[in-house]
Amino acid sequence: MKWLIAGFGAVSLAGVLYPVFRFLKPPAAVSGAIGQVVNIGAVSSFPAGQLTAVTVNDQPAYVNNADGTYAVHSLLCTHLGCVVGVADGRLHCPCHGSDFAATGAVVKGPAKLPLPPYHSEVKNGSLLVGPIDLSKTSYPGWYTGEFR
Ligand code: FES
């Protein structure tokens, strides 16, 4: 009878502790997705001269096809982190009105820093995208270019 009570207690304790453990474990460690190289599609799906909204590891981003040269940038605004909209060839942040050029450069503030690029390359006709590259600009500590 003691073994039965001890076993029941151990199962009950595990039932309480497991959800607590899952809650405390950081989400990035659970998914492991941020920073992985992903195939976001055939380059033919990104027309020349257009900006195309995509997701990279569930992060908002856009592809700029400048006459066969492909660049992928984050869509997280460098002002306060809202998602920048892509429409009619424009990159406009709906929160405070910043505008960005296709290259990610700031056209109009209040944002002061460009939208950062992802590492990317074309391989076998597909656009492969790797980790975000924050090395070209000095971003503030809170800004990672991705939701965490
Ligand atoms: Fe984009 Fe403020 S968050 S302009």
**OP:** Could you check region 32-148 for strands (runs of 3 or more DSSP E) lying wholly inside it with 3 or more residues that are in contact with a His (Cβ under 8 Å, 6 or more places away or on another chain)?
**Re:** 59-66, 126-132
Subject >> Matching entry among 130, 145, 104, 141 (being more than 23 Å from residue 47 (Cα to Cα) and surrounded by 14 or more Cβ atoms within 10 Å (Cβ to Cβ)) >> reply: 145
Original post:
What number of residues in region 54-101 are away from the ligand (no atom under 15 Å from the Cβ) and of a type in the set (Val, Ile, Thr)?
Top reply: 6
Original post:
If you check 106, 122, 129, which single one turns out to be under 18 Å from residue 64 (Cβ atoms) and in contact with a helix residue (DSSP H, G or I) (Cβ under 7 Å, 6 or more places away or on another chain)?
Top reply: 122
Original post:
Somewhere in region 107-118, is a residue more than 16 Å from the ligand (Cβ to nearest atom), within 17 Å of the chain's Cα centre (by Cα) and assigned by TED's automatic domain parsing to the domain that holds residue 64?
Top reply: yes
Original post:
Taking only pairs six or more apart or across chains, which ones have beta-carbon atoms under 6 Å, a first residue in region 76-99 that is closer than 21 Å to residue 58 by Cβ, and a second residue that is among the β-branched types (Val, Ile, Thr)?
Top reply: 77/84; 91/84; 93/84
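The values are calculated or read from the model by the stated rules, or taken from the named source; none is laboratory data. The shown structure was predicted, so the numbers you read here are calculated from the model rather than taken from an experiment. Counting neighbours? That spans all protein chains shown, and the Cβs are built from the backbone with ideal geometry, glycine included.
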